[in-house]
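Below: one structure, written as structure tokens.
The values are calculated or read from the model by the stated rules, or taken from the named source; none is laboratory data. In this text the structure is predicted, and so the values were computed from the model without any measurement. Glycine also receives a Cβ, built like all others from the backbone with ideal geometry; neighbour counts cover every protein chain displayed. Areas reflect the complete protein model, heavy atoms only, side chains present, ligands, DNA and RNA absent. Shrake-Rupley method; radii C 1.70, N 1.55, O 1.52, S 1.80 Å.
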Amino acid sequence: MAAAGKRNTGRFRDPRHWLGGLAAGEVFVRCPRCAERASVLPCPEELADGTRHDVWLRRRLSCLGCAYTDLWDAPRLANNARAFPELSGPNDPYFGLPLWLSTKCRGRVLWAYNAEHLNLLETYVSARLRERGQHMGSQTLVERLPAWIKNGRHRAEVLDAIGQLRALLA
Ligand SMILES: [Zn+2]
């Protein structure tokens, strides 16, 4: 997967990723039965008609380790509209399970949904010069990052934690 921004020049241009866009793909969680890595993905039949990945699609949790599966449907609001999943972490936005990519850093929790999310965090944190992307009216993932991650003095510690998370994907 291509890393966002240009790491070599030390310059990071916000690619305007929205957290919901990252959550719409594969999300890794801790299996509620065996505590190993499980995967949350849109159900294949939901994508059969060419629908793009979306946070409202029905999702299946599956664990290759113990064969545990579960299904998630977007809850309905009083007006029957689908409720928007909570994207704040460190739990997954659908089943509310602990994210697989989660570790302590500076007394806080550093978390990511998947490898693409991790790549974006790493590229941002390692960049010396950070540029905001063109304003589009909504906050991007990067703009919503907590200050302790954005603080350049924490760069080495945060990159170390990102490395620990990357090792969990191996
Ligand atoms: Zn399992």
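The table below gives the values:
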read-out	value
Only listed residue being within 19 Å of A23 (Cβ to Cβ) and open to solvent by less than 40 Å² (accessible area, probe 1.4 Å), chosen from L168, L97	L97
Pair list, Cβ < 6 Å and 6+ apart or interchain, from segment 62-73 residues that are farther than 17 Å from F95 by Cα and open to solvent by less than 60 Å² (accessible area, probe 1.4 Å) to residues that are near the ligand (Cβ under 6 Å from one of its atoms) and among the basic types (K, R)	C66/R33
